[in-house]
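Structure, as structure tokens:
The values are calculated or read from the model by the stated rules, or taken from the named source; none is laboratory data. None of the values given here were measured: they were computed from a predicted structure. Using ideal geometry, Cβ is built from the backbone for each residue, glycine included, and neighbour counts are taken over all protein chains shown.
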Amino acid sequence: MGGGGVVVAVATFAIWFLGSSEALGFKCSSESATCQALIDYKSPNATSYGAIQTLFNITNFIDLVGANARPRTTLPTASVDKDQIVRIPFPCNCTNSIGLSNHLPRYIVKDGDTLSHIAQDVFSGLVTYPQIQQANNIPDANKILVGQDFWIPLPCSCEQVNSTTKVVHYGRIVAAGSSVQQLAQQSGIAQDILLDLNNMTDPNALLAGQIFDVPLRACSLGVRSGSLDSSSLVANGTDLYTANGCVKCSCDSSNDWTAQCEASGSNSTCPSMQCQSSGSNSTQLTIGSSNTTSSCPRATCVYDGYSATANANGTIFTNLVTNSTCPASGASRISFHGSPSNLVLIVIHLVLLSLYLCF
């Protein structure tokens, strides 16, 4: 346990170690797995995105921006209102069938802190004080020292919901009036799966304010296997900034759960993200852009991953995908427009012409 100092607080009520009665983490059948996860944070006071980044030890601010589908231009000083919910991205680790944040975030004890205050007020009830005590092997919850460095064990999971559906697990704060059935409909995940993931048998036991594991359907990037982000997923309704923030990928069901990526357009130091279009059109296409709709075939520049090189921003790979927009080949077709009487006159003239030619 880090830090010395003096005892900073003794709770005015009895605090005792509840042990296994305060279960840690979400269900995670895998004995060993890592993944990216999300969790809701209800800000207890007015703050900023930058302050939340610091509190949760999020290395790259752009990851927080993407998780909340905010514009790339969002600044750390952007305000967060009291009681506003912000999605927190973090690395999840599954060990011994329990999913917990991978030893992040860390919290340094300040003068006047108690474990209860840290759990309930600073981290807004995402964990309980006995869970912090258990995760950090704290002998006496009444005695913590200024400067001690505690791990806040956020619940998460890397559990597969089935063999074909890709998901990002999301610790969602249950809103008042919500039901398991509603959460199942909103997420597209069957109710019985949600109950199993949350170790529940009675759907009526769902409580407002509870942190409930609701997996979000996710898109794969569809990039080359050697790319540094080849295993990355983009949760539905979020954005992922990849390739050192140079590329923005989004997810929705309309593209067969394959992420749609484009140049983020905000970093002048990014390496080239262009494709050479096909045919006579020599225009350089940027990731996510296509040549004019009148071109045939139509070419689209797609993101194909990135690698680290001597260049600080690495190399971004692109791929030119062509889709034919040409009219169908074959016999010419005659189209008639106008009233039925005009059509009859045309047919009569054609018949007379054919008779004339025959004789």
Which residue out of Ser230, Ser253 is surrounded by fewer than 16 Cβ atoms within 10 Å (Cβ to Cβ), modelled with pLDDT under 90 and within 14 Å of Lys166 (Cα to Cα)?
Ser253
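Residue check: is Ile132 assigned by TED's automatic domain parsing to the domain that holds Ser30, out of contact with any Ser or Thr (no Cβ under 7 Å at 6 or more places or on another chain) and within 22 Å of Ile211 (Cβ to Cβ)?
For Ile132, the condition - assigned by TED's automatic domain parsing to the domain that holds Ser30, out of contact with any Ser or Thr (no Cβ under 7 Å at 6 or more places or on another chain) and within 22 Å of Ile211 (Cβ to Cβ) - is met.
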Taking the stated definitions as given, is Ile144 surrounded by 22 or more Cβ atoms within 10 Å (Cβ to Cβ) and without any contact (Cβ under 8 Å) to a residue 24 or more places away in the chain?
no
So is Gln148 modelled with pLDDT of 95 or more and over 26 Å from Thr59 (Cα atoms) or not?
no
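If I filter the range 51-61 for residues that are within 27 Å of Tyr241 (Cα to Cα), part of a strand (DSSP E or B) and over 19 Å from the mean Cα position of the chain (by Cα), do I get at least one hit?
The answer is no, given that none of the residues of the range 51-61 is within 27 Å of Tyr241 (Cα to Cα), part of a strand (DSSP E or B) and over 19 Å from the mean Cα position of the chain (by Cα).
Could you pull out the residue among Asn199, Asn162 that is more than 16 Å from the chain's Cα centre (by Cα), modelled with pLDDT under 95, within 29 Å of Phe123 (Cβ to Cβ) and outside the structural domain of Gly288 (by TED's automatic domain parsing)?
Asn199 is the lone residue from the list that is more than 16 Å from the chain's Cα centre (by Cα), modelled with pLDDT under 95, within 29 Å of Phe123 (Cβ to Cβ) and outside the structural domain of Gly288 (by TED's automatic domain parsing).
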In the range 144-193, anything among the charged types (D, E, K, R) and assigned to a helix (DSSP H, G or I) is listed as Asp192
Can you tell me which of Phe56, Phe26 is surrounded by 12 or more Cβ atoms within 10 Å (Cβ to Cβ), under 20 Å from Asp111 (Cα atoms), touching a strand residue (DSSP E or B) at 6+ places or on another chain (Cβ under 8 Å) and at pLDDT 95 or above?
Phe56
Name, by its number, the condition in (1) of a type outside the set (D, E, K, R); (2) over 24 Å from Glu31 (Cβ atoms); (3) outside the structural domain of Ala67 (by TED's automatic domain parsing) that does not hold for Leu194.
(2)
